[in-house]
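Let me begin by presenting the structure, written as structure tokens, before commenting on it.
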Amino acid sequence: MEHRPETNALLLRWQTGETGARDRLIHRLYPELAQIAAARLRKERDSSLSTGDIINETVLRLVQMERVSLSDRAHFVALASRMMRHILVDHARSKGSAKRQHQKVELVTQIDGGQRLDLNRLESALIRLKALDEGLMELVEMRYFGGMTTGDIAGVTGMSEPTVKRRWQVARAWLTDALANPIDQ
Amino acid sequence: MSDDLERTVLALFEASLEVPEADRDAWIAQATQGRPDLAARLQAMRAADRLSALETGGAIGTLDEELPPERIGAYRIVERIGRGGMGSVYRGERDTGDFGHVVAIKIIKPGLLSEVLVERFQRERQTLAGLTHPNIAQLYDGGETEGGSPYIVMEHVDGLPLLDWVAEHRPSRAQRVRLYCDICAAVAFAHRALVIHRDLTPSNVLVTQGGVVKLIDFGIARPLDAAPAGDAPSIGSLSLTPGYAAPERLTSNAVTTAADVYSLGKLLEKLLPPGPGDRELVAIVARATASDPLARYATVDALADDVAAWNGGFPVSAVAGGKRYRFGKFLGRHRLGAAAVTAATLLLVGALALTLAAYTRAQTAQRAEAARFEELRSLARYMVFDLNGRLGRVVGNTAARVSLAGRAQRYLSALAAKAGADDALKLEAAQGFVALANAQGVPAQPNLGDLAQARANIASAVGMLRAIGGPVAATDLVQALTARAMIEAHGDSRTDAATATLAEAEKVLAGIAPADRSQGWHDARRKLRRAQLELATLQNRPDRLAQLASRLESDIAEWPSAMRASRLAELDRAYAAHYRGLRGYLVDALDEGVVHLLDAEARFARLEAAVPNDPVVLYARMYNAYIGYGTATGLAGRESETKRFIAIAHDANERLLKIEANDISLRSFGANVRQIESQNASTHGRHAEAIALQTQVLALFEAAAGPTRRAAALNRLVAAEVTMGNIARAAGDRALACESYRRGQAVMRELEGRRELLDQAKRFQPGLKANIEGCAGDMPLAKMAIFG
């Protein structure tokens, strides 16, 4: 893909602290992600794709991986995870606003939790979590929306893997409680 | 709840996770001393921790499913009992006082099915609802939730998935074989009802506490065949379970019974893992799971027979071993004093090549081989009569049946060649030829569409039977001549030859003294009658139709009592009603015709209810509904019957095509139905629609005629061109009308030149001539009468 070299360059510039590069990366990444996610939601694509798969596929399309270090890749994925959150929440909103609209959605078999999450309410809870502990909120983005491994998250955040796991458990418990007992309603 | 409090809660909870589980309560109590608000929040966090539904990468799954409705139909949703790729399964209870009624409700995720598949799913449910078998979870109901998700309500089975049950109960080999045979019996039953499971896996086979097998999710996964090309992935492809789905399902859209045979093979391997010495069991699994669908067992019954044979120490057809294997088995059986040689275990498709070779050898070795020779004769019988009949009722088996017919053909030819002066053998071969020809291509009944082979086999049979001569061969000769007449009349459009052939058959029948008239004689006569009726239809002789219909009915009184009580009697009464209705249609006595056709429909429907998907009945029902549609469509007050007839015709045609995709007459039948629809549109002034429909009809008959210009299709093409002329005339399109009439005349002349013009088409001659002259002279055109 011809825009790969430029994406790589942006990635490197972002890593050296150039914030403009990050914004331009987002410009590049977002439509790709949204397109793949939407295609999956319309069930045009492989039904077994998880969020993590989608992000990885997008990253692969945009970046020449062999020229990017593992930690750079993880940062990129973390960025993509945040976008995935926006895409999915937007999707949930549009779905909520047009209830009667026949939604073409896809199956996911890897989650078999008892309860179904309401993404709109999760979004409210995440906004509050950001105010309490921004790191926890980012962890949720990376893990829940991005499907990132604890190892990759450790690489991005500089925390140890056990810490990532423990913090993820905290975030999960807090969110689950917040979803069960929303304070704003 | 202030942010500060929450921050403390988060920090304390995180810290508590580093405290060993056993000490955590004490640690929290200590840490929150004097702060009941903090203690309460921490306990809430701990409870939430145990419930958490957030999974890594799980975000996208949240959009997948709507919440289950509180109730569906008469059922209250109690709890979710399962979840899979297709959707979730819930336990439902009827809350209208009927407490004992617990059901399983499966809700398919919205959007998973394309519009086409949803429609198909709804129709399929009706078939499934009729699938009542002790080893199949009964389907009760279905519909669509408010959110648009299709759902089905089925019998709630309190049991374990097959492999879990096996792990728990450790059944013996005999018990496992019995379980397996029960599974096979259920699948075979469904195949006869034209339902393919498509996703047979250990988790779709439940075993109840009492050890009874129950198959679930029958036929719910639908194939793509109904969906237009380029549509979203089918449910079929979504429901593939790795390791159990047949390989062709990944590349082909057509799902056949062979796919279920494959999955059953995989299931067998799991249920009865073959040990190192189990050569036969390995062979059975290999045969069932062959990557080429044609190399698999042709039917589930054949697979089950082999498993039963293996279990009982009989030879297994899947072992393509040499003479030694078979002979060893043969001796072993006799040494053990086992029951007399049962044909069923031996007579399987794959054994044929083997036995043919053995047969040749049998000629040289004498006495000991005599018994085997008997086996071989029964093999022929089984191949041509039983197996073909069984396969005939199973959907998607055209390829298997064609291959079977080919093998049977070789066997019969060999048998005929070896028959020499042995009349009994010759008779048997001739009977085989007639039965095979009927399956291959005798018209006006279900067949494989191989007219040439059928014609040749009938010729052989007639030759052999005439050579035998006398009363012994009489009834078989009548059957052979009747089949020949049907080919001459319908297939070759030579009604004169057919008339002569049937006259000869009638003479042969009459030559048998009344005292010697067996059941076979009566059966031959009823087939002769039907051929006479078909011929009278083609010759456009309504009065003869009425006369023959009465005779068909009065013949029944002369049948032996056992035969009188059989299904055949009711079938012939239904036929009689049908031909009376047809007569009404032909002479334009439509009101009277409809009454008879409705009577026939009711009779055919009852016959079908007794034996679902009997191809012969389906065939008759389809034609009856077709004529019924044509007759009722012009009548006031018959609107609902008109609709019902067309629906029945379409449905029967569709089911027959599932059973027999090669039958040319079935394919052109669709054109016949459309032709009536186009006439109907024209009558109601929907001219553009009528012309469009009729254009399709012409194309279909042209295609059915093919490069060899088949006479049967060309005769229909004449009527179709005349119809197009009428439609164009009514639409005021004189140019198209004139062109159609001229083309009709050209086809008619082509047939006349080949002496294959049927009276049915010939009667258009004067009308066409007059209209074509009218076209040339700018004169008004006359509407031409169309019947048949």
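Readers should treat all values here as calculations from the given coordinates under stated rules, not as data from a laboratory. Because the structure is predicted, anything quoted here is derived from the model rather than measured. Positions of Cβ are generated from backbone atoms using ideal geometry, with glycine treated the same way; all protein chains shown enter the neighbour counts.
The table for this structure:
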item: FRET efficiency, B:Ser518 to B:Ala692 (Cβ-Cβ, R0 56 Å, nearest 0.05); result: 0.55
item: Integer Hz, Karplus 6.51/-1.76/1.60 couplings in order for region B:607-618, x for Gly and Pro; result: 4, 5, 5, 6, 10, x, 6, 5, x, 4, 5, 4
item: Spin-label pair B:Lys507/B:Val102, simplified geometry with 7 Å Cα→Cβ offset, distance in nm; result: 7.4
item: Debye-sum result for region B:728-788 in log10 I(q)/I(0), which assumes one identical scatterer on each alpha carbon, at q = 0.13, 0.14, 0.19 Å⁻¹; result: -0.34, -0.39, -0.69
item: Members of B:Lys426/B:Lys527; B:Lys643/B:Lys769; B:Lys106/B:Lys643; B:Lys214/B:Lys658; B:Lys527/B:Lys783 lying beyond 31 Å, as alpha-carbon distances in this model show; result: B:Lys643/B:Lys769; B:Lys106/B:Lys643; B:Lys527/B:Lys783
item: Charge sum, other residues only, whose C-beta stays under 15 Å from B:Ile772's C-beta, Lys/Arg counted +1 and Asp/Glu -1; result: +3
item: Shape category assigned to region B:663-788 from the gyration tensor of Cα positions, a/c cut at 1.5; result: oblate
item: Ranked list, fewest to most other Cβ atoms within 10 Å of each Cβ, for A:Met142, B:Met779; result: B:Met779, A:Met142
item: Longest to shortest principal axis, alpha-carbon extents of region B:420-512, angstrom; result: 34, 26, 17
item: Extension gain (nm, one decimal) between B:Ala562 and B:Arg94, 0.36 nm per residue minus Cα-Cα; result: 163.8 nm
item: Spin-label pair B:Arg674/B:Glu79, simplified geometry with 7 Å Cα→Cβ offset, distance in nm; result: 5.5
item: Average partner coverage of A:164-175, which counts Cβ from other chains inside 10 Å; result: 6
item: Kirkwood Rh in Å, taken over all unlike Cα pairs in region B:540-650; result: 14.1
item: For region B:683-753, radius of gyration divided by Kirkwood radius, i.e. Rg to Rh on alpha-carbons; result: 1.00
item: Simple Cβ-charge dipole of region B:540-650, Lys/Arg +1 and Asp/Glu -1, about Cα centre, in debye nearest 20; result: 120
item: Modelled FRET efficiency - R0 56 Å, B:Ile468 with B:Thr132, Cβ distances, 0.05 increments; result: 0.75
item: Cα convex hull of region B:3-48, projected area averaged across orientations, nm²; result: 2.9
item: Efficiency of FRET between B:Leu5 and B:Trp27 - r from beta-carbon atoms, R0 22 angstrom, step 0.05; result: 0.70
item: Surface/4 of the Cα convex hull for region B:678-718, nm²; result: 2.8
item: For region B:580-597, 3J(HN,Hα) per residue [Karplus equation, 6.51 cos²θ - 1.76 cosθ + 1.60, θ = phi - 60°, Hz, x = Gly/Pro]; result: 5, x, 4, 4, x, 5, 5, 8, 6, 8, 5, 4, 5, x, 4, 4, 5, 5
